[in-house]
Amino acid sequence: MDTLQGKVIVVTGAGSGIGKCSAQLLAAKGAKVVLVGRRLPILEGVAQEIRENGGQAWSRAVHIENKKEVLDLIDWVNGELGSVDMLINNAGSASKTLNARWIEEDEWQQVQDVNLKAVFLLTQAVLPAMLAKQSGTIITVSSLAALRPNLLGGAAYGAAKAGVRNFMTYLHNTYRNDGIRATCILPGEVNTPIMDNRANPPRQSVRDHMVQPQDVAEAVLLCAGLPARTVIEELIVAPTLLRDISTDLEISRWQGAPESLLAERENRSELSSNKR
C-alpha cells in the first residue's frame, strides 16, 4: 500500500486508543504523521515509538475546539511538512451525565465542541489547500450512537456523532468532484480508556468481546490507503457479539440525577420487581 508513502496526515486524539493505533499503522506505511491531542508528554511518547520503528512522527498539543489553535496547527504543518494530504478526525469526548433530563448546558456544549465543532474547524482549515491541489482525504471516526442513540453513550454524544456523520456526508456530496474523499467510520463499543468513565464500567471479560482500537485503526488504514479514484463513504465496525446492556441503561438513566429525585429511581425499581 504505497499510496500513503510521504503523505502528510494529521491524526487527532492520537495519544491513545484508536488515534494511537491509526497513527502507528499510517506511519508504518510511510506517511508523515502529525499526532494531535491535549497531553504533549503522551503524544511525544507515541511519536518516539513510531520513530523507533522507522516511521516519521511529530506531536502537537492543541485544543481542537479553539479556532486559533487549529489555524496555528495547520499553519505549522504547512510550513514544516507541506500541506495536509489527509485529516483523521478521531478525538472524541462523552458526557458524564447521559440522560437529557439531567444534563447541564455547559456539559452538553463541551461534547458538541469536541466531537462536532472541532471537526468543522479542522476541515475548514485544511480544505483550501486540498481544493487547490484537487486532492485530499478527510476521515472522521463517528459512532454507532449516531444511528442507534441510547443512554449508553448519552444524549449529547449521540447528537454530536449524528451531526458529524451528517457533516461528512455533506463534504462527500459537495467536494467529491474536486478530488476530496470524505469518509465516516461508525464503530460500535470500542475497548478504549473511555470505558472507565461509563456509569457502569464493563468488566474485562466484556471488553474482550468489544471492537478493539486496532480494529478501527485497520478500517482507517483501509479507507486512507485506497487509490484516490476510490472512496469508502461510510463504514460500520461492530462487535460480532451482541451483549445485554439493560442493566447499563438503567444505571445510566440516573447518572447525574438530583439527589432529591433519586427516590423516583427506587420507586421504579420496586415497580419493576413487582411485575416480575
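A few points about this structure:
- Residue match in the stretch 24-35 (condition: outside any strand (DSSP E or B), polar (S, T, N, Q), in contact with a Gly (Cβ under 9 Å, 6 or more places away or on another chain) and within 20 Å of ALA159 (Cα to Cα)): no
- Per this entry, ALA156 is not counted among residues that are in contact (Cβ under 8 Å) with a residue 60 or more places away in the chain, of a type in the set (Gly, Ala, Ser), under 20 Å from GLY15 (Cβ atoms) and crowded, with 22+ Cβ neighbours inside 10 Å.
- Check on THR123, in a helix (DSSP H, G or I), β-branched (Val, Ile, Thr), surrounded by fewer than 18 Cβ atoms within 10 Å (Cβ to Cβ) and in contact (Cβ under 8 Å) with a residue 24 or more places away in the chain: no
- Criterion (in contact with a helix residue (DSSP H, G or I) (Cβ under 9 Å, 6 or more places away or on another chain), at pLDDT below 95 and on the phi < 0 side of the Ramachandran plot) met by exactly one of LEU131, LEU147, LEU152: LEU152
- Test: residue in the stretch 174-189 that is more than 29 Å from VAL84 (Cα to Cα), acidic (Asp, Glu) and free of Cβ contacts under 8 Å to residues at least 12 places away in the same chain: no
- Every condition in (1) at pLDDT 95 or above; (2) crowded, with 20+ Cβ neighbours inside 10 Å; (3) among the acidic types (Asp, Glu) holds for GLU189 except the one numbered (1).
- When the residues of the stretch 169-185 are filtered to those that are surrounded by fewer than 23 Cβ atoms within 10 Å (Cβ to Cβ) and among the aliphatic types (A, V, I, L, M), the one that is farthest from ALA118 (Cα to Cα) is ILE180.
- Members of the stretch 230-276 that are of a type in the set (D, E, K, R), at pLDDT below 90 and either at positive phi or assigned to a helix (DSSP H, G or I) (or both): GLU259, GLU264, ARG265, GLU266, ARG268, GLU270, LYS275
The values are calculated or read from the model by the stated rules, or taken from the named source; none is laboratory data. The shown structure was predicted, so the numbers you read here are calculated from the model rather than taken from an experiment. When we count neighbours, we look across all protein chains shown, and the Cβ atoms used for this are built from the backbone with ideal geometry, even at glycine.
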